[in-house]
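Working notes, beginning with the structure itself.
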Amino acid sequence: MKPDVKAFFDKATNTISFVVKDPTGLSCAIIDSVLDFDYSSGRTDTKSADEVIQYVKDNGLKVEWLLESHVHADHLSAAPYIQEELGGKIGIGQNITLVQDTFGKIFNEGTQFQRDGSQFDQLFLEGDSFMIGQLRGDVMHTPGHTPACLTYVIGDAAFVGDTLFMPDFGTARCDFPGGSSETLFNSIQRILSLPDETRIFVGHDYKAPGRDEYAWETTVAEQKARNVHIGGEASKEAFVKMRDGRDSTLAMPKLIIPSLQVNMRAGQMPEPDEDGDVFLKVPVNKL
């Protein structure tokens, strides 16, 4: 089955969110939604999420799932806000518990912060399946960028999150806590073992040099042939050397501190204080 896919590009974070629809009905899933956040003022905005919500309403769609490919470090999730407006279950990989344990310590969350994934409605395991109306989705655990990364294979389409980018841009970084370039190589090989005609939808695009337009759709065949990091006959040893070397030169994403604290809570803000005010922490020399 070939799902209908509508993409929403958030230029502020270079994130692509997707509405994935059952072609035989009105059921859909929303993948990797974005809550706008201005770090300099500490203010949130729902413009990006409202665009998705309006599309769903205009087309009479029913949201079954709000899927997260992983705990994003570059944007805040709008899943709870969209859930309040449209319904649907929030899902992520079961290894969210590893991420919560790691960053619960980094952000000194204490015992009040639950590290069991209970903030999410569904924790997916490798091999799990789910339905979007009559459309089946299958879960692939594809860690490396983070321990909890998933690829959602829905019909003839694979939503790979940050694991792969467009062929001319390459692959995800692996230097966050719990990341591994060796593990990422193995995960990518699993994705590339899907049929050549499988459509691949990437979670970010940064418009590689020489390309005029942003893009987010490719295929397994194109990735195998042309990906600048992993295409052709690239060996694991060469990939690991390249990836680790490249990662050592990269700065932290500008929204990593608010993103991790919010996204490990399924898009919820930390608990407010006695006056109802919400605060995010800035760990010093921890990231």
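The values are calculated or read from the model by the stated rules, or taken from the named source; none is laboratory data. On a predicted model such as this, the values are computed, not experimentally measured, just so you know. Methodologically, a virtual Cβ is constructed for each residue, glycine included, from the backbone with ideal geometry; neighbour enumeration extends over all protein chains shown.
Would you be able to tell me the number of residues in the range 154-172 that are surrounded by 22 or more Cβ atoms within 10 Å (Cβ to Cβ) and either modelled with pLDDT under 95 or assigned to a loop (DSSP other than H, G, I, E, B) (or both)?
Counting residues in the range 154-172 that are surrounded by 22 or more Cβ atoms within 10 Å (Cβ to Cβ) and either modelled with pLDDT under 95 or assigned to a loop (DSSP other than H, G, I, E, B) (or both) gives 8.
Working only within the range 76-98, note down all residues that are part of a loop (DSSP other than H, G, I, E, B) and closer than 15 Å to ASP10 by Cα.
Residues of the range 76-98 part of a loop (DSSP other than H, G, I, E, B): 77-78, 87-88, 94-95.
Of everything in the range 76-98, those that are part of a loop (DSSP other than H, G, I, E, B) and closer than 15 Å to ASP10 by Cα turn out to be SER77, ALA78.
Name every residue in the range 25-55 that is in a strand (DSSP E or B), of a type in the set (Ser, Thr, Tyr) and over 23 Å from ILE154 (Cβ atoms), in order of residue number. Please lay out each step first, then the result.
Residues of the range 25-55 in a strand (DSSP E or B): 27-31, 35-38, 43-45.
In the following step, the residues that additionally are of a type in the set (Ser, Thr, Tyr) were identified as 27, 44.
Scanning the range 25-55 gives a single hit, THR44.
Which one is nearest to the chain's Cα centre (by Cα), of the residues in the range 151-182 that are among the β-branched types (Val, Ile, Thr) and farther than 15 Å from HIS229 by Cβ?
Residues of the range 151-182 that are among the β-branched types (Val, Ile, Thr), as a first pass: 151, 153-154, 160, 163, 171.
Then drop every residue that is not farther than 15 Å from HIS229 by Cβ, which leaves 151, 153-154.
Working: THR151: 9, VAL153: 14, ILE154: 15 Å.
Filtering first and then ranking leaves THR151.
What tally of residues in the range 56-75 results from selecting those that are in contact with a helix residue (DSSP H, G or I) (Cβ under 7 Å, 6 or more places away or on another chain), surrounded by fewer than 23 Cβ atoms within 10 Å (Cβ to Cβ) and in a strand (DSSP E or B)?
Here the count works out to 1.
Test ILE188 against the criterion of being of a type in the set (Val, Ile, Thr), part of a helix (DSSP H, G or I) and either free of Cβ contacts under 8 Å to residues at least 12 places away in the same chain or surrounded by 24 or more Cβ atoms within 10 Å (Cβ to Cβ) (or both), and give yes or no.
Details: of a type in the set (Val, Ile, Thr): yes; part of a helix (DSSP H, G or I): yes; either free of Cβ contacts under 8 Å to residues at least 12 places away in the same chain or surrounded by 24 or more Cβ atoms within 10 Å (Cβ to Cβ) (or both): yes.
It is true that ILE188 is of a type in the set (Val, Ile, Thr), part of a helix (DSSP H, G or I) and either free of Cβ contacts under 8 Å to residues at least 12 places away in the same chain or surrounded by 24 or more Cβ atoms within 10 Å (Cβ to Cβ) (or both).
Across the range 34-68, what is the number of residues that are of a type in the set (Gly, Ala, Ser), in contact with a Ser or Thr (Cβ under 8 Å, 6 or more places away or on another chain) and closer than 16 Å to ILE256 by Cα?
Just the residues of the range 34-68 that are of a type in the set (Gly, Ala, Ser), to begin with: 40-42, 48-49, 60.
This time we only want the ones that are in contact with a Ser or Thr (Cβ under 8 Å, 6 or more places away or on another chain), so: 48-49.
Filter again for closer than 16 Å to ILE256 by Cα, leaving none.
Adding up the residues that qualify gives 0.
Given ASP36, ASP22, ASP10, ASP32, which one is on the phi > 0 side of the Ramachandran plot, at pLDDT 95 or above and surrounded by 13 or more Cβ atoms within 10 Å (Cβ to Cβ)? Step through it out loud before you land on a result.
Values: ASP36 fails: on the phi > 0 side of the Ramachandran plot; ASP22 fails: on the phi > 0 side of the Ramachandran plot; ASP10 fails: on the phi > 0 side of the Ramachandran plot.
The match here is ASP32.
Just a yes or no: is a residue in the range 123-133 in contact with a Lys or Arg (Cβ under 9 Å, 6 or more places away or on another chain) and without any contact (Cβ under 8 Å) to a residue 24 or more places away in the chain? Spell out how you get there, then give the answer.
Let us first name the residues in the range 123-133 that are in contact with a Lys or Arg (Cβ under 9 Å, 6 or more places away or on another chain), namely 129-130, 132-133.
Next, only the ones that are without any contact (Cβ under 8 Å) to a residue 24 or more places away in the chain stay: 129.
Yes, that holds for at least one residue.
Between a residue in the range 38-50 that is closer than 15 Å to SER17 by Cβ and any residue that is part of a loop (DSSP other than H, G, I, E, B) and modelled with pLDDT under 95, which pairs come within a Cβ distance under 6 Å, given they are 6 or more apart or on different chains?
From residues that are closer than 15 Å to SER17 by Cβ, there are no pairs.
Identify all residues within the range 106-118 that are surrounded by fewer than 15 Cβ atoms within 10 Å (Cβ to Cβ) and under 17 Å from ALA148 (Cα atoms); write none if there are none.
Of the residues in the range 106-118, the ones surrounded by fewer than 15 Cβ atoms within 10 Å (Cβ to Cβ) are 108, 110-112, 114, 116, 118.
Hits for the range 106-118 are GLN114, ASP116, SER118.
Tell me yes or no: at least one residue of the range 224-244 is of a type in the set (Phe, Trp, Tyr) and under 22 Å from ASN14 (Cβ atoms).
First pass over the range 224-244, keeping only residues of a type in the set (Phe, Trp, Tyr): 239.
When the remaining residues are screened for being under 22 Å from ASN14 (Cβ atoms), the result is none.
For the range 224-244, residues of a type in the set (Phe, Trp, Tyr) and under 22 Å from ASN14 (Cβ atoms): absent.
Suppose we filter GLU64, GLU68, GLU85 for residues that are more than 20 Å from the chain's Cα centre (by Cα) and charged (D, E, K, R); which single one remains? Show your work before the answer.
Numbers: GLU64 fails: more than 20 Å from the chain's Cα centre (by Cα); GLU68 fails: more than 20 Å from the chain's Cα centre (by Cα).
After applying the criteria, what remains is GLU85.
Quick one: is SER129 under 18 Å from LEU66 (Cβ atoms), surrounded by fewer than 16 Cβ atoms within 10 Å (Cβ to Cβ) and more than 16 Å from the chain's Cα centre (by Cα)? Reasoning before the result, please.
Details: under 18 Å from LEU66 (Cβ atoms): yes; surrounded by fewer than 16 Cβ atoms within 10 Å (Cβ to Cβ): yes; more than 16 Å from the chain's Cα centre (by Cα): yes.
In short, yes.
Could you list all residues from the range 249-268 that are closer than 20 Å to GLY93 by Cα and of a type in the set (A, V, I, L, M, F, W, C)? Lay out the reasoning, then the answer.
Initially, the range 249-268 is screened for residues closer than 20 Å to GLY93 by Cα, giving 256, 259-268.
Answer for the range 249-268, where residues must be closer than 20 Å to GLY93 by Cα and of a type in the set (A, V, I, L, M, F, W, C): ILE256, LEU260, VAL262, MET264, ALA266.
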